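Trainee: Take a look at this one; I'll ask things after.
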Amino acid sequence: MKKRIIAACIAACAMAGSAQAALLSDLIANSGTISAGDKVFADWAVLFQDSSEPGRTVNTANIDVVAIEDGGDYGLSFSILNNEFLVNGDGVYAYLDFMFGFSVTAAPGMKINGASLGILDAALNHPSDEDLESVFIRETLGTAPESDDLGKMSAEFSRLDGVLTSDLSDTAAFLPQQTVWVTKNILVEAEDEEHSANLTGFEQRFSQTSVPEPASLALLGIGLFGLAAARKRNTVA
C-alpha cells in the first residue's frame, strides 16, 4: 500500500507566467538570485549531506526552484526531479540527510515578519504497518547564516509502528527583519527492504509588513511639531 500527499499549488506555481525558476545547482555555482514579489533570495549553499548508501550525494541539478508570485506571501516552491530524494529500505536503516541554506531580503520599505513551511508532495510505500518510513524537514530562521534566533519550523510525513503522521506545515513569526537567513535540513528514511520514502515537492513562504521610509518619518515629525506649536499659540491667545 502506498500513501501519498499532493498539493494543488504545485501546478499553480508552475503556471505563474511571471515566476522565476532556476536549478539549485545553477544558483549555487553562479551565486544566483531569484526574485519573488518584494523579496530576493540569494546566498545559496549546500551545508551538509550524508547517506547510508556509500558515495551517495544529492545532485542539486535535480532540485528545481520556482518563485511563488500569487499575490500573497511571496516565496519559493521546490520540485525534486528524477526521484533524487527517494530512499529504499535496506533491512536495517536507510537514510538521506541533506542541508542547504539561503538568504531572503525584502525590498526597501518592506520587512519580513514571518515564514511558513509546507510539504507539497511526498510518498511512503509500506506493504506492512511496521518499521519506519519518513520524510522530515526541519528549518531554522536567523539573523545570520545557520543561526536560529528568529525561530524554528518543521514538517513531517511518516509512518512508525503503524501510526501515520501528517504534520505537513508549520509557521513562525518574529520581529520585522530586512534579511532572514534560512537553514533547511531534509531527512528521508526507510527501514524494511520492501519500504521506501520519497520527497518530491515542498514550499517556503514569507509574510511582510511595510515600514515607513526615513523621509516619511521626518515629515511626520515636522507635522507633529507644527501641530503642537499651533496648539500652543492658540492656548496663549
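No value in this document is a laboratory result; all are computed from the given coordinates. These figures come from a predicted structure and were not determined experimentally. Glycine gets a Cβ as well: all are built from the backbone with ideal geometry, and neighbour counts include every protein chain shown.
Trainee: With a point put 7 Å past each Cα toward its Cβ, work out how far ASP149 is from GLN20 in nm, to one decimal.
Mentor: 2.7 nm
Trainee: In addition: Can you tell me how much longer the chain between ASP97 and VAL40 gets when fully stretched, taken as 0.36 nm per residue apart minus their C-alpha distance, in nm with one decimal?
Mentor: 17.9 nm
Trainee: Suppose R0 equals 30 Å. What FRET efficiency, 1/(1 + (r/R0)^6) with r the Cβ-Cβ distance, do THR57 and ALA173 give to the nearest 0.05?
Mentor: Values: r = 35 Å, r/R0 = 1.17.
According to the calculation, E is roughly 0.30.
Trainee: Separate question: What's the local net charge at VAL58, with K and R +1, D and E -1, over the other residues with C-beta under 11 Å away?
Mentor: -2
Trainee: Expressed as a whole number of Å, what is the distance separating the alpha-carbon centroids of segment 32-77 and segment 80-154?
Mentor: 11 Å
Trainee: Related question: Would you mind ranking VAL87, VAL92 by Cβ crowding within 10 Å, fewest neighbours first? Don't skip to the end; give the middle numbers.
Mentor: On the way: VAL87 26, VAL92 9.
With the fewest neighbours first, VAL87, VAL92 line up as VAL92, VAL87.
Trainee: Among VAL104, VAL46, VAL65, rank each residue by its count of other Cβ atoms within 10 Å, from fewest to most, as a rough exposure measure. Spell out each step's value before the answer.
Mentor: Details: VAL104 25, VAL46 15, VAL65 22.
Going from least to most buried by this count: VAL46, VAL65, VAL104.
Trainee: Another question, if that's okay. When a footprinting reagent is the concern and you count Cβ atoms within 10 Å, what order do TYR74, TYR93 take, fewest first? Provide the component values of the computation, followed by the final result.
Mentor: Details: TYR74 22, TYR93 12.
Taking fewest neighbouring Cβ atoms as first place, the list is TYR93, TYR74.
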